[in-house]
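The values are calculated or read from the model by the stated rules, or taken from the named source; none is laboratory data. From a predicted model like this one, the values you see are computed outputs, not experimental measurements. Cβ sites come from the backbone with ideal geometry, for glycine too, and all protein chains shown count toward neighbours.
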Amino acid sequence: MEKDIEIIDFDTENSVENKIETPVLDMYGEDLTSKTYVTNPAIARDEEIKKLMVVVLTPDKSALLVGKAGIGKTAIVEGLAYLIQQDKVPNALKGYRIIKINSTSLLGKMTINGREEMTISLLVEELKKIHKTILFIDEVHTLIGGDSDGPMDLANILKPALDRGDIKAIGATTTEEYETYVIRDRAFLRRFDRIDVLEPSEETTVQILKGSLPRIEKKTGIKFKYSDYITTLLIKSIVSATSQYKRVYGLAAMYPDVAFSVLSQAFSLALLEDKEEVSILEVYNAIKTSKRIYPDVIVKELDKFRVEYQKFCEEENIVLPVVTINDIKTISTTIVLFITPHPINIFNIILCIFYENVNKHIDFIPVVYYYIYGGEYGII
């Protein structure tokens with residue numbers, strides 16, 4: 001006598017989760033653990049990733065990455081996603097997803113079954129239903145409302161779910177935004193463990209740029225021309241030219257971003273000339289055209305560059321032209337007027353004076369600003 005055999009799915013949790021609809025996550029979220037990574041996006045950030053793992057594995061705690069703009073906070077989260085993808089994490093983290101969502105996308109509303117709901121409320125409800133999901137919120141400070149006239153404090157919607165451990169989150173914000181907005185909400189801060197992301201050293205930045213080359217080459221479709229030895233020397237030249245006291249102050253220029261911008265520019269210049277390889281000439285011109293390095297510093301760095309690579313250029317039959325301060329495009333004096341809409345028609349006037357004295361070889365550009373609304377002077 002035949003019997004009907006019932007097939008039982010022992011992986012009940014996964015099978016149930018596969019049926020759960022998550023329209024908000026699907027619409028606004030990006031699964032970082034499903035991305036295609038050419039290389040590890042968080043090169044030389046092992047310590048920060050380890051700290052991030054510890055916080056994520058701590059019950060009822062979420063992580064808050066704090067650091068200057070361009071310092072690599074997002075890359076650290078992508079680095080953790082990459083390790084999860086490669087199955088190189090502790091067993092407790094295996095199978096997790098990291099969903100990146102921009103905080104600005106949570107500010108609106110959605111219509112579900114004819115009802116208008118706050119997007120962030122719907123997101124929280126979705127996250128409660130699924131397991132092994134970490135929410136990554138970039139610019140998390142925008143969720144924290146201001147005074148009674150300011151935006152709604154969306155952080156209050158997250159707090160209960162964070163408290164109960166219904167959701168696990170990683171937030172990221174700049175040092176300035178943390179001190180201006182986040183630190184005011186002590187209740188929100190209690191749910192997070194702060195992880196400071198510091199600027200990498202010159203040596204570490206060289207490693208980061210070298211490790212990023214395969215990714216840039218794949219995106220652009222062109223290669224860096226030289227052997228590993230020469231490539232390392234050229235990257236060291238880029239990093240040296242963008243070191244701390246050579247950068248234009250006030251442009252949020254930090255390692256690795258400031259050096260990465262010059263390396264990327266070299267690839268752009270090669271593409272502009274329809275070249276299939278990036279040569280020493282493109283690196284030279286990328287330093288020359290950088291807007292993040294002081295003009296007189298550029299001249300000095302290029303003088304040093306020509307001497308250092310003179311023999312190599314002779315062998316390659318490459319001519320590096322002499323660059324003077326007059327060849328570098330500079331703005332002697334710029335006045336910028338910003339008019340900000342305000343209920344009582346108060347104007348915010350910012351006067352920016354960029355002063356450069358070539359004859360005296362002044363190595364800095366003071367930027368003076370004055371706010372009529374608030375009446376403050378300062379040096380940026």
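What the table below lists for this structure:
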read-out: Gly211 closer than 22 Å to Ile280 by Cα, surrounded by fewer than 18 Cβ atoms within 10 Å (Cβ to Cβ) and touching a residue at least 40 places away in the same chain (Cβ under 8 Å); value: yes
read-out: Given (1) in contact with a strand residue (DSSP E or B) (Cβ under 7 Å, 6 or more places away or on another chain); (2) of a type in the set (D, E, K, R); (3) under 28 Å from Glu202 (Cα atoms); (4) without any contact (Cβ under 8 Å) to a residue 40 or more places away in the chain, index of the condition Glu48 fails; value: (4)
read-out: All positions within the stretch 309-325 that are loosely packed, with under 13 Cβ neighbours inside 10 Å and either touching a residue at least 12 places away in the same chain (Cβ under 8 Å) or assigned to a helix (DSSP H, G or I) (or both); value: Gln310, Lys311, Glu314, Glu315, Val322, Thr324
read-out: Residues of the stretch 271-308 classified as closer than 20 Å to Ser227 by Cα and buried (at least 22 other Cβ atoms within 10 Å of the Cβ), total; value: 6
read-out: Selection within the stretch 70-113 - outside any helix (DSSP H, G or I), of a type outside the set (D, E, K, R) and without any contact (Cβ under 8 Å) to a residue 24 or more places away in the chain; value: Gln86, Gly108, Thr111, Asn113
read-out: The one condition in (1) modelled with pLDDT of 95 or more; (2) more than 19 Å from the chain's Cα centre (by Cα) that Tyr245 fails to fulfil; value: (1)
read-out: Qualifying residue in the stretch 170-190 (condition: under 19 Å from Phe260 (Cβ atoms) and either part of a helix (DSSP H, G or I) or modelled with pLDDT of 90 or more (or both)); value: yes
read-out: The stretch 81-112, residues that are of a type outside the set (Gly, Ala, Ser) and at pLDDT below 95; value: Ile101, Asn102, Thr104, Leu106, Leu107, Lys109, Met110, Thr111, Ile112
read-out: Lone unmet requirement of (1) in a loop (DSSP other than H, G, I, E, B); (2) surrounded by 19 or more Cβ atoms within 10 Å (Cβ to Cβ) for Pro59; value: (2)
read-out: From Ser240, Ser227, Ser268, residue being outside the structural domain of Val38 (by TED's automatic domain parsing), surrounded by fewer than 18 Cβ atoms within 10 Å (Cβ to Cβ) and within 17 Å of Phe305 (Cβ to Cβ); value: Ser240
read-out: Residue in the stretch 286-293 that is out of contact with any Lys or Arg (no Cβ under 7 Å at 6 or more places or on another chain) and hydrophobic (A, V, I, L, M, F, W, C) present; value: yes
read-out: Single match in Ile170, Ile216 (criterion: touching a Leu at 6+ places or on another chain (Cβ under 8 Å), hydrophobic (A, V, I, L, M, F, W, C) and either free of Cβ contacts under 8 Å to residues at least 60 places away in the same chain or loosely packed, with under 14 Cβ neighbours inside 10 Å (or both)); value: Ile216
read-out: Unique match (being assigned by TED's automatic domain parsing to the domain that holds Gln85, surrounded by 15 or more Cβ atoms within 10 Å (Cβ to Cβ) and at pLDDT 90 or above) among Ile157, Ile137; value: Ile137
read-out: Number of the exception - Thr205 against (1) free of Cβ contacts under 8 Å to residues at least 40 places away in the same chain; (2) in contact with a helix residue (DSSP H, G or I) (Cβ under 7 Å, 6 or more places away or on another chain); value: (1)
read-out: Output for the stretch 271-308, where each listed residue is more than 28 Å from Tyr249 (Cα to Cα), in a helix (DSSP H, G or I) and touching a residue at least 12 places away in the same chain (Cβ under 8 Å); value: Leu271
